[in-house]
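Here's the structure we're looking at; comments come further down.
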Amino acid sequence: MHVTPLAITDVLLLEPIVFNDERGFYFESFNGKDFEEATGVSTTFVQDNHSKSAKNVLRGLHYQIQRPQEKLVRVIAGEVFDVAVDVRKNSPTFGQWVGEVLSADNKKQLWIPEGFAHGFLVLSDSAEFLYKTTDYWRPAFERTILWNDPDIAIQWPICGQPILSAKDRAGVRLKDAELYK
């Protein structure tokens, strides 16, 4: 596996070693020992999530203020623009974001550590998104930052308005959000 720290170095891009031949391909999507050796992160995943979304669906920006979830995310069908926003109040990169295109074709994964809000926009006709989490989803602790907060200024690759859930439409601006210290 090849690991690349992004502009916010706590967020890591993982590229698996893929074995292709005339039959198709094979790769290990997760190996705990290899993950720890390549990233320096020792963790245990407790929940796997799978979503399917249509083109222009935008999910996020979500995080849990207590019992935070670290995430390892990937796409198994289609293509998304995946984003992590630093919501650690005392971080030198507070309020900054990084984004990567993840797709079934490129097989890239993103490691999103504690202290980051996460979201993605579906670029293809539909996309299936998988993510492993280090803690369980706890609705009482979940928070949502507005996807289009001008203080963050994410450059989403979208024309027009995205398709949002009621929860995501009701997100708050970063300046009004409950944050990590």
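The values are calculated or read from the model by the stated rules, or taken from the named source; none is laboratory data. Note that the structure is predicted; figures quoted are calculated from it, not measured. As a convention, Cβ positions derive from the backbone with ideal geometry for all residues, glycine included, and neighbour counts pool all protein chains shown.
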Inter-residue pairs, beta-carbon under 8 Å, first polar (S, T, N, Q) and in region 144-155, second in a loop (DSSP other than H, G, I, E, B), 6+ apart: Thr144/Ala170; Thr144/Gly171; Asn148/Ile154; Asn148/Trp156
Residue satisfying all of: in region 51-68; aliphatic (A, V, I, L, M) and more than 18 Å from Gly99 (Cβ to Cβ); surrounded by the most Cβ atoms within 10 Å (Cβ to Cβ) among these: Ile65
Which numbered condition Ala127 misses (of (1) modelled with pLDDT of 95 or more; (2) out of contact with any Leu (no Cβ under 7 Å at 6 or more places or on another chain); (3) in a loop (DSSP other than H, G, I, E, B); (4) not basic (Lys, Arg)): (3)
Residue check for Arg59: of a type outside the set (Phe, Trp, Tyr), touching a helix residue (DSSP H, G or I) at 6+ places or on another chain (Cβ under 9 Å), modelled with pLDDT of 95 or more and not in a helix (DSSP H, G or I): yes
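Quick check on this structure: which one of Arg138, Arg169 is without any contact (Cβ under 8 Å) to a residue 24 or more places away in the chain and closer than 28 Å to Asp48 by Cβ?
Going through Arg138, Arg169 in turn, the sole match is Arg169.
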Test: residue in region 120-132 that is in contact (Cβ under 8 Å) with a residue 24 or more places away in the chain, buried (at least 16 other Cβ atoms within 10 Å of the Cβ), under 14 Å from Leu58 (Cα atoms) and of a type in the set (Val, Ile, Thr): yes
Evaluation of Ser29 against (1) among the hydroxyl-bearing types (Ser, Thr, Tyr); (2) over 14 Å from His118 (Cα atoms); (3) at pLDDT 95 or above; (4) in contact with a strand residue (DSSP E or B) (Cβ under 8 Å, 6 or more places away or on another chain) (one fails), failing number: (3)
Of all residues making up region 87-111, the number that are within 13 Å of Asp10 (Cβ to Cβ) and touching a strand residue (DSSP E or B) at 6+ places or on another chain (Cβ under 6 Å): 9
Of all residues making up region 136-153, the number that are surrounded by fewer than 18 Cβ atoms within 10 Å (Cβ to Cβ) and not in a helix (DSSP H, G or I): 9
Of residues in region 1-22 being modelled with pLDDT under 95 and outside any strand (DSSP E or B), the one nearest to Leu164 (Cα to Cα): Pro16
